[in-house]
Each structure stands twice: as structure tokens, then as C-alpha cells.
Amino acid sequence: MSGTIEAETNATGLAGSLEPSVGDFVQLMKPRVMSLVIFTALTGMVAAPGSLHPILAGIGLLMIAIGAGASGALNMWYDADIDAQMARTAARPIPRGRVTADEALTFGTILSFGSVLTLGLLVNWVAGALLALTIAFYLFIYTMWLKRRTPQNIVIGGAAGAFPPMVGWAAMTGSVSIESVVMFMIIFIWTPPHFWALALYRCRDYERAGVPMLPVVAGTDETRRQILIYSVLMVITAAAPIYFGFAGMTYAVASTLAGAVFLWLAVKVWQIREGREADKAARRLFHYSIFYLFLLFALLLGESIAARLIA
Amino acid sequence: MELQLADGNDNESREAQAKRQRMRSIAIAVALAALVALFYAATIVRMGGNVADRAL
């Protein structure tokens, strides 16, 4: 019987295994995205005024990470059909046949409720509510509503990825303040040039899967123009922590230099429009954008730690 | 021939599946134990010195 099942699954092109491993469930949580979420949430926590017992702070960070993982699993559940058609996502656990869609849905749902309730009960309910909003926004607004309908999908949907520092801040203070909104805005404005750079060199993938990313709908020239506009806005937004007084000289100098490099790469993407060099420029901007965001939050984190040590 | 191959792989696959299932069970047990420890630690931290300070 199991031989028959195996033969059938192989015939459909799925992997032979019917028992998912622990690693498959870890993959469902998008560990790379999770690591950025943990890092930005940690920055929000350390930059926030006041203090929280280290055990409660650790629980807060863990729940934010699990909440992010939960939304990743729910996203993979809903998007399994288009993931199977794209080279970048075809090796994910559901398209490979390692995890069923139902298993991913159950896993994501349990982790969502578990992380929100635990964060609310053990840390505070403002943070719990914000985490719930993050998961709901990513699943219902981005994944289910916007992603397959509009080229503005990642512009609006980018909010989901921008919430973690705000949740971290709320975990420490029980409130939302202008500083946490600024950190939210940095990630929010950073998301479009980051994703559109990827979409430029993965354009055919998105086209095949029927995802209306900007290059597919409006063309690559318009995408290059939008990348440049958003890059300028992002560099301006990245200067806001200096204006609002929660970033120091190190951040001011390093973020300005890093922002100049970002703009230069965005100009290169705008200028080089044909052939392999165009793909290369887009790839370079995409990879640099990850480093850039990491750098901004590392600077904020480093300065906040230094300020706490001195105080 | 193909059927024989499928049968030959079957035992190995069954063993691999059983191993994965065992690992999943262990992971669930560890997660539940961690959750208990987490709530226990958070309760102690939240109570703080209030237990010692209560009226007897």
C-alpha cells in the first residue's frame, strides 16, 4: 500500500516522503526572514526607555519571532500554488510535498494564537495586540488580498514586515511612541526598492505565477523609476532618528554614507536597462538593501546599548 | 522492475519516516516542556517579592 502511495506521489512530481521532518517545519517559519524580524524587534526593545526583567524581555522577543514564523507558515499555506511555479520558492516544504497544506495551516494557526496569547499574558497586551495585527496584516491584507491583485502589493503589504520594532518597543513600554513609528517607517519605505530590485531580475518567475509585481504590470522602466523615488524617500526617512534625537553621531555619519551607496546603486539600476548587466545591477541593489537595513538597525542597537551602559 | 524498486525502497523509507515521526514527537515534547518552564519562570518573575511581602 505504501509502495503504491509512494509511486503515486513520485508520479505527481512530489518528494516520496510522507512524514515531514522537524526541519521542514522550521523551513515553514522562513528562518531568514525571522532573523531580520528578531534583530529589528530587539533594536526596538533596547532603544525603548525603561526596563523589563530579562526573562520577560527574552519571552517577548521569542514570541515576536514565533509570531513572525507563524505568519510565514500561513503565507506558505496560502501561496503553495504560486510557490510551486517560481524557481525561488519551488523548494519550499509544501511544493516539494514534504508538508501538506493542512499541516502548514494547523502549524501556523497554533503558533499564531500561542505567540499572541503568551506575549499578551506574560508581557503586555499592547504588544500582544500589535503582534496579532502584524500576523493578520501579513496573512489577510498582504497574502490573501493584495499580493495577487495589485502591483502596490508590497508597498502596502510592507507594513507587516515593519511592525516588529514597534512590537518590541511596546513589549518594553506598553505603548507606541514616535520613535517606534520612525523605525516602522524606515522598514516600510525600504520594502518597495528592496522587493522591486528582486522582482526586476525575477520578473519572468512572477509573470509565470501570475503575481502582478510592478515590473510585470507597469514594465521594468517604470519599476526602475519607482525604485529611485522610493530610494530617495528611504534615505530621507533613515535620517529621521537623528531628527527625533534617538540616534547619535555614529548613526548620522554611517547611515548617510550607507544611504549614499544605496542611492548610487539605485541610480545604476535606473541607468542600466538592458542585458545581463541590468540583472546584475538589480541583484546588487537587492543584496545591498538587506545589508543596509541591517546596518541601520545595528547602529541604532549599538548606540542604544552604549547609552544604557553609560547611564 | 519498477515495482520491485519501489518495494526495495519501501523498508528504508518506512524507517526514515519512523525516524522523522520520532524526531517530531521529541520536538513537540521539548516545546511543551519549554512552554511550561517559560510560564513558570514568568510567574515567578511577575510575583517578585510580593509573596514574601504578603500579610501572614
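List the pairs whose first member sits in segment B:33-45 and is at the interface with chain A (Cβ under 8 Å from one of its Cβ atoms), whose second member is surrounded by 10 or more Cβ atoms within 10 Å (Cβ to Cβ) and β-branched (Val, Ile, Thr), and whose Cβ atoms are under 7 Å apart, counting only residues at least 6 apart or on separate chains?
B:LEU38/A:ILE59; B:ALA41/A:ILE55; B:ALA42/A:ILE55; B:ALA42/A:ILE59; B:VAL45/A:ILE55
Quick one: is A:LEU74 within 14 Å of another protein chain (Cβ to nearest Cβ) and touching a residue at least 60 places away in the same chain (Cβ under 8 Å)? Reasoning before the result, please.
Details: within 14 Å of another protein chain (Cβ to nearest Cβ): no; touching a residue at least 60 places away in the same chain (Cβ under 8 Å): yes.
For A:LEU74, the condition - within 14 Å of another protein chain (Cβ to nearest Cβ) and touching a residue at least 60 places away in the same chain (Cβ under 8 Å) - is not met.
Within the group A:TYR230, A:TYR251, which residue is part of a helix (DSSP H, G or I), under 22 Å from the mean Cα position of the chain (by Cα) and outside the structural domain of A:LEU62 (by TED's automatic domain parsing)? Walk me through it before giving the result.
Numbers: A:TYR251 fails: under 22 Å from the mean Cα position of the chain (by Cα).
It is A:TYR230.
So which of A:VAL235, A:VAL211, A:VAL261, A:VAL217 ends up being assigned to a loop (DSSP other than H, G, I, E, B), over 30 Å from A:GLY128 (Cα atoms) and either in contact with a Leu (Cβ under 9 Å, 6 or more places away or on another chain) or in contact (Cβ under 8 Å) with a residue 24 or more places away in the chain (or both)?
On inspection, the qualifying residue turns out to be A:VAL211.
If a residue must be closer than 18 Å to A:LEU62 by Cα and either β-branched (Val, Ile, Thr) or surrounded by 21 or more Cβ atoms within 10 Å (Cβ to Cβ) (or both), how many such residues does segment A:124-171 contain? Let's see the steps before the verdict.
Quick first cut of segment A:124-171, residues closer than 18 Å to A:LEU62 by Cα only: A:124-135, A:160-171.
Within this subset, residues satisfying the condition of being either β-branched (Val, Ile, Thr) or surrounded by 21 or more Cβ atoms within 10 Å (Cβ to Cβ) (or both) are A:126-128, A:130-131, A:134-135, A:160-171.
Final tally of qualifying residues: 19.
Which residue out of A:TRP125, A:TRP190, A:TRP196 is among the aromatic types (Phe, Trp, Tyr), on the phi < 0 side of the Ramachandran plot and outside the structural domain of A:ALA281 (by TED's automatic domain parsing)? Spell out how you get there, then give the answer.
Details: A:TRP190 fails: outside the structural domain of A:ALA281 (by TED's automatic domain parsing); A:TRP196 fails: outside the structural domain of A:ALA281 (by TED's automatic domain parsing).
Every option except A:TRP125 fails the conditions.
Is there a residue being touching a residue at least 60 places away in the same chain (Cβ under 8 Å), over 18 Å from A:MET234 (Cα atoms) and assigned to a helix (DSSP H, G or I) anywhere in segment A:183-202?
Of all residues in segment A:183-202, those touching a residue at least 60 places away in the same chain (Cβ under 8 Å) come to A:183, A:186-187, A:190, A:193-194, A:197-198, A:200-202.
With over 18 Å from A:MET234 (Cα atoms) added as a condition, the list becomes A:200-202.
Retained after the next criterion (residues that are assigned to a helix (DSSP H, G or I)): A:200-201.
Within segment A:183-202, one or more residues are touching a residue at least 60 places away in the same chain (Cβ under 8 Å), over 18 Å from A:MET234 (Cα atoms) and assigned to a helix (DSSP H, G or I).
I need the full set of residues from segment A:276-291 which are under 14 Å from the mean Cα position of the chain (by Cα) and crowded, with 19+ Cβ neighbours inside 10 Å, in order please.
Listed by number, the residues that qualify are A:PHE286, A:SER289.
Can you confirm whether A:GLY114 is surrounded by 18 or more Cβ atoms within 10 Å (Cβ to Cβ), touching a Leu at 6+ places or on another chain (Cβ under 9 Å) and not assigned by TED's automatic domain parsing to the domain that holds A:VAL217?
Working: surrounded by 18 or more Cβ atoms within 10 Å (Cβ to Cβ): no; touching a Leu at 6+ places or on another chain (Cβ under 9 Å): yes; not assigned by TED's automatic domain parsing to the domain that holds A:VAL217: yes.
In short, no.
Output the residues belonging to segment B:46-56 that are away from every other protein chain (no Cβ under 12 Å) and assigned to a helix (DSSP H, G or I).
Initial filter on segment B:46-56 (away from every other protein chain (no Cβ under 12 Å)): B:49-56.
Result: B:ASN50, B:VAL51, B:ALA52, B:ASP53.
Could you identify the single residue in B:GLU2, B:GLU15 that is modelled with pLDDT under 70, surrounded by fewer than 11 Cβ atoms within 10 Å (Cβ to Cβ) and more than 7 Å from chain A (Cβ to nearest Cβ)? So that I can check it myself, show each step before the final result.
On the way: B:GLU15 fails: modelled with pLDDT under 70.
The conditions single out B:GLU2.
Would it be correct to say that A:PRO193 is buried (at least 24 other Cβ atoms within 10 Å of the Cβ) and not polar (S, T, N, Q)? It would help to see each step written out before you state the result.
On the way: buried (at least 24 other Cβ atoms within 10 Å of the Cβ): yes; not polar (S, T, N, Q): yes.
In short, yes.
The values are calculated or read from the model by the stated rules, or taken from the named source; none is laboratory data. Owing to the predicted nature of the structure, the values given are computational and were not obtained by experimental measurement. Glycine gets a Cβ as well: all are built from the backbone with ideal geometry, and neighbour counts include every protein chain shown.
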